[in-house]
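See below for the structure under consideration.
The values are calculated or read from the model by the stated rules, or taken from the named source; none is laboratory data. Remember, predicted model here, so these are calculated numbers, not experimental data. All Cβ positions, even for glycine, are placed from backbone atoms using ideal geometry, and neighbour counts span all protein chains on display.
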Amino acid sequence: MTSVLVTGSADGIGRETAATLVSLGHRVVLHARDAARAGQALAAVPGADGVLVGDLSSLAQTRELAAAAEPFDVVIHNAGLGGGLPERTVTDDGLELLFQVNVLAPYLLTALMPRPRRLVYLTSGLESQGVADLDDLQHERGPWHGMQAYSDSKLLDVALAFAVARRWPDVLSNAVDPGWIKTKLGGPDATDELPTGADTQVWLATSDEPAATVTGRYFKWREDLRANPAAYDVEVQDRLLDACAEITGVKLT
């Protein structure tokens with residue numbers, strides 16, 4: 001039995017991932033941003049072993065979440081926001097919302113939580129359209145384009161997964177594009193069903209097959225693909241880690 005934390009598991013792909021893992025006999029802890037959603041998550045995945053609460057748009061709550069987390073075999077960084085924001089939004093921490101939730105939060109949790117055996121970072125096929133502008137990570141320059149900001153954040157998630165794989169050779173760290181899944185985030189026109197969106201994460205979290213026990217890879221539907229070339233750039237990876245460390249005051253060691 002594997003112990004797994006799935007962030008953002010109150011609904012959508014995260015909840016499907018958690019429910020599938022529970023059905024396979026694994027020990028799963030859920031995550032939700034507030035108490036109300038935590039109750040909904042537990043009701044939807046009754047076999048879960050508990051739920052951690054923390055809003056990833058708050059640095060303080062993200063730190064508290066990390067402090068409350070026990071050691072897990074696997075952490076699946078599923079939580080994220082989509083690109084539908086009509087204007088640039090700043091959190092109470094003074095940070096651009098998409099960057100904080102989609103990139104900075106998984107960085108901070110990775111740096112602060114006990115090191116697992118496996119890490120899975122959810123990205124999107126739109127990472128291929130992302131730009132790794134390390135001098136403007138929070139889109140402070142120029143007009144706001146929500147989908148571009150989202151694509152950029154998803155590229156940075158892949159770079160984060162690859163950076164962790166390089167820094168922590170004892171941990172299997174990979175990125176997953178789940179596909180265009182019929183969820184609240186994916187929208188009504190999405191082409192793929194929830195089980196498809198959860199399958200690769202479950203496989204990477206639990207399988208001992210040679211194809212699943214690799215690190216520093218980008219997967220879609222269990223297929224090992226090539227990501228945006230910027231994600232493989234060691235300078236991009238290191239500058240991203242340095243920027244996240246400077247913002248949070250926490251270095252990934």
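A few comments on the model shown:
- Breaking point among (1) out of contact with any Gly (no Cβ under 8 Å at 6 or more places or on another chain); (2) buried (at least 16 other Cβ atoms within 10 Å of the Cβ), for Gly83: (1)
- The test for being charged (D, E, K, R) and either more than 21 Å from Glu16 (Cα to Cα) or crowded, with 23+ Cβ neighbours inside 10 Å (or both) holds for Asp224.
- Looking only at residues of the stretch 8-25 that are of a type in the set (Ser, Thr, Tyr) and crowded, with 24+ Cβ neighbours inside 10 Å, we find that the one that is farthest from Ala198 (Cα to Cα) is Ser9.
- Some residue of the stretch 62-69 being touching a Gly at 6+ places or on another chain (Cβ under 8 Å) and free of Cβ contacts under 8 Å to residues at least 12 places away in the same chain: yes
- Comparison of Pro178, Pro143, Pro169 shows that the only residue that is surrounded by fewer than 17 Cβ atoms within 10 Å (Cβ to Cβ) and more than 22 Å from Val90 (Cα to Cα) is Pro169.
- Any chance Leu252 is buried (at least 20 other Cβ atoms within 10 Å of the Cβ) and touching a residue at least 40 places away in the same chain (Cβ under 8 Å): no
- Given (1) buried (at least 22 other Cβ atoms within 10 Å of the Cβ); (2) among the hydrophobic types (A, V, I, L, M, F, W, C); (3) touching a residue at least 40 places away in the same chain (Cβ under 8 Å); (4) closer than 21 Å to Arg115 by Cβ, index of the condition Val28 fails: (3)
- Qualifying residue in the stretch 110-120 (condition: part of a strand (DSSP E or B), among the aliphatic types (A, V, I, L, M), touching a residue at least 40 places away in the same chain (Cβ under 8 Å) and closer than 16 Å to His31 by Cα): yes
- Qualifying position, being of a type outside the set (Val, Ile, Thr), modelled with pLDDT of 95 or more and closer than 14 Å to Gly146 by Cα, among Leu81, Leu104, Leu109: Leu81
- Unique residue being in contact with a Pro (Cβ under 8 Å, 6 or more places away or on another chain) and surrounded by fewer than 21 Cβ atoms within 10 Å (Cβ to Cβ) when the list is Asp55, Asp73, Asp92: Asp73
- Listed by position, the strands (runs of 3 or more DSSP E) enclosed by the stretch 143-253 that each have at least 2 residues that are at pLDDT 95 or above and closer than 18 Å to Arg118 by Cβ are 172-176, 218-220.
- The requirement of being under 22 Å from Leu126 (Cα atoms), in contact (Cβ under 8 Å) with a residue 40 or more places away in the chain and in contact with a Phe, Trp or Tyr (Cβ under 7 Å, 6 or more places away or on another chain) is not satisfied by Ala198.
- Just one of the listed residues (Ser3, Ser23, Ser58) is modelled with pLDDT of 95 or more, hydroxyl-bearing (Ser, Thr, Tyr), more than 18 Å from Ser124 (Cβ to Cβ) and touching a strand residue (DSSP E or B) at 6+ places or on another chain (Cβ under 6 Å), namely Ser3.
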